[in-house]
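Notes to accompany the following structure.
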Amino acid sequence: MELVFGLLNRVWILTRLSDKRSKKMEDKALEVYDVIRTIRDPEKPNTLEELDVVTEKCVCVQELGDDEYLIIIKFSPTVPHCSLATLIGLCLQVKLQRCLPFKHKLEIYITEGTHSTEEDINKQINDKERVAAAMENPNLREIVEQCVTEPDD
């Protein structure tokens with residue numbers, strides 16, 4: 001009987017730890033979402049949140065180690081042939097790199113089936129060299145800045 005209570009107690013403790021970890025990941029995901037939801041669309045006067053390009057459900061956070069996280073974002077362009085999907089991905093990259101206060105790795109993808117060239121775009125927006133090269137282009141950098149700057153900045 002003592003063995004059974006000991007096992008039940010361990011299960012209860014592990015469940016509580018798992019619940020705390022899940023809550024922590026949910027909180028981190030909301031923190032990430034709060035950063036990206038205000039990014040403005042490059043060609044419309046709306047935010048990505050208002051256009052449903054990003055939602056709370058599109059952000060996933062996994063713990064990698066001590067205070068280090070993997071952030072996975074899957075965004076949905078407004079149309080399957082959106083010519084600005086790469087630019088939106090670049091804006092997500094830039095804003096998160098600037099604004100997140102914790103150590104992280106970032107993966108950004110187009111939601112499967114929502115864009116005609118999603119594989120190519122996914123490769124571009126997750127390639128650090130391409131992102132760096134894009135941000136060296138003054139015209140592109142200006143557009144990104146307009147999209148990621150908060151309205152009251």
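Coordinate-derived values only; no laboratory data. Computed from a prediction, not measured in an experiment: that's the story for all the values here. Glycine gets a Cβ as well: all are built from the backbone with ideal geometry, and neighbour counts include every protein chain shown.
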task: In whole Å, largest first, what are the principal axis extents of the Cα atoms in segment 20-153?
output: 42, 34, 30
query: When the helices in the chain are scored as -39500 (n - 2.57) per DSSP H run of 4 or longer and the sum is shared across all residues, what 222 nm value do you end up with, to the nearest 500 deg cm²/dmol?
result: -17000 deg cm²/dmol
- prompt: Given H placed 1.01 Å from N in the peptide plane, which residues other than close sequence neighbours of Thr47 have an amide H under 5 Å from its amide H?
  reply: Asp41
query: In debye to the nearest 20, how big a dipole does the chain give about its Cα centre with +1 on each Lys and Arg Cβ and -1 on each Asp and Glu Cβ?
result: 480
- prompt: Under a 5 Å amide H to amide H cut-off, with H placed in plane at 1.01 Å, what residues pair with His104 once short-range neighbours are removed?
  reply: Tyr69
query: Going by a ≥ b ≥ c, the root eigenvalues of the Cα gyration tensor, does segment 83-145 fall in the rounded group (a/c under 1.5), the prolate group (a/b larger than b/c) or the oblate group?
result: oblate
message: Using the basic label-point model (7 angstrom from Cα toward the beta carbon), what is the Arg37 to Ser83 distance in nanometres?
response: 3.1
- prompt: Tyr109's amide H: which non-local residues (gap 5+, or another chain) put their own amide H closer than 5 Å, with H modeled 1.01 Å from N in plane and none for Pro or chain starts?
  reply: Ile73, Lys74, Phe75
task: Could you work out how far helix 138-148 tilts from the main Cα principal axis of the chain, as a 0 to 90 degree angle to the nearest 10?
output: 50
